[in-house]
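This report concerns only the one structure given below.
The values are calculated or read from the model by the stated rules, or taken from the named source; none is laboratory data. Keep in mind that this is a model prediction, so the values were computed, not measured. Cβ sites come from the backbone with ideal geometry, for glycine too, and all protein chains shown count toward neighbours. Please note that ligands, DNA and RNA were not included when accessible areas were found on the heavy atoms of the full protein model with its side chains. Shrake-Rupley method; radii C 1.70, N 1.55, O 1.52, S 1.80 Å.
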Amino acid sequence: MGADAAPAIPDLIALSVNAGPEARRLSSLALGEIAAALPNDEFASERAEIVDALANRLDDEEQSVRNTAAFGLLAIDPSHAAAQENLQDAMRRGDGGIIDRLTKSRPPPIWATPTLIDILREDPRPGLRRLAAVGLGEIAPDSEAAEAALRDALQDSDDRVRLAARTALGM
């Protein structure tokens, strides 16, 4: 990875556009990892090429490719708005794997807090509400809005959600 992988960038970009879904996903994964490892000062043009390629994958027909591209973009730039929006949409659709992965991200993706609060308060799926409670405890432990949502979740109809809220609140 990093500078040693720079010669592979053009081929990986071509694969991310012209190959089948799994090859597009894996090439997007590799591009994100390469870009995140490139030294900022001497590989600006290569990094920009990768950002453009990954940003184009946010419109891919396959959700797994879009998600991988979004995570790659966030590894390069944690404030990438389109990548954040892509992952927020995936969470709202019920992709618990996204919530789980964001929960483990460092630095914590504070931008996901409002979406997690909405899921915790409004989603009909208890498993997703439980993941949202866990996510809020990991991502936004000092957020007043998250704490309020977690306190409300102590009255949730599902015992797993209530337990996750208690744990997130440190009770």
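For region 20-124, which whole-number percentage of the solvent-accessible area (1.4 Å probe, protein heavy atoms only) is attributable to carbon and sulfur atoms?
Exposed carbon and sulfur together represent 49 percent of the surface.
Quote to one decimal, in nm, the extra length available between GLU22 and ALA145 on full extension: 0.36 nm per residue of separation minus the C-alpha distance between them.
Going from the current span to full extension adds 40.4 nm.
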Considering only SER45, SER28, SER79, give the residue with the highest GNM mean-square fluctuation for the chain, with springs between Cα atoms whenever their separation is below 10 Å. SER45
Rounded if a/c is under 1.5, else prolate if a/b is larger than b/c, else oblate: which is region 99-157, with a ≥ b ≥ c the root eigenvalues of its Cα gyration tensor? oblate
Roll a 1.4 Å probe over the protein chains and send me the accessible area per residue for region 1-124 in Å². 49 Å²
Could you give the size of the charge dipole of region 84-171 about its Cα centre, using +1 on the Cβ of each K and R and -1 on the Cβ of each D and E, expressed in debye and rounded to the nearest 20? 280 debye
Karplus ³J(HN,Hα) for region 73-82 (6.51 cos²θ - 1.76 cosθ + 1.60, θ = phi - 60°; Hz, whole; x = Gly/Pro) runs 5, 5, 5, 7, 9, x, 9, 5, 4, 5
On a full-extension model of 0.36 nm per residue, what is the gain between ASN40 and MET171, subtracting their alpha-carbon distance, rounded to one decimal in nm? 42.8 nm
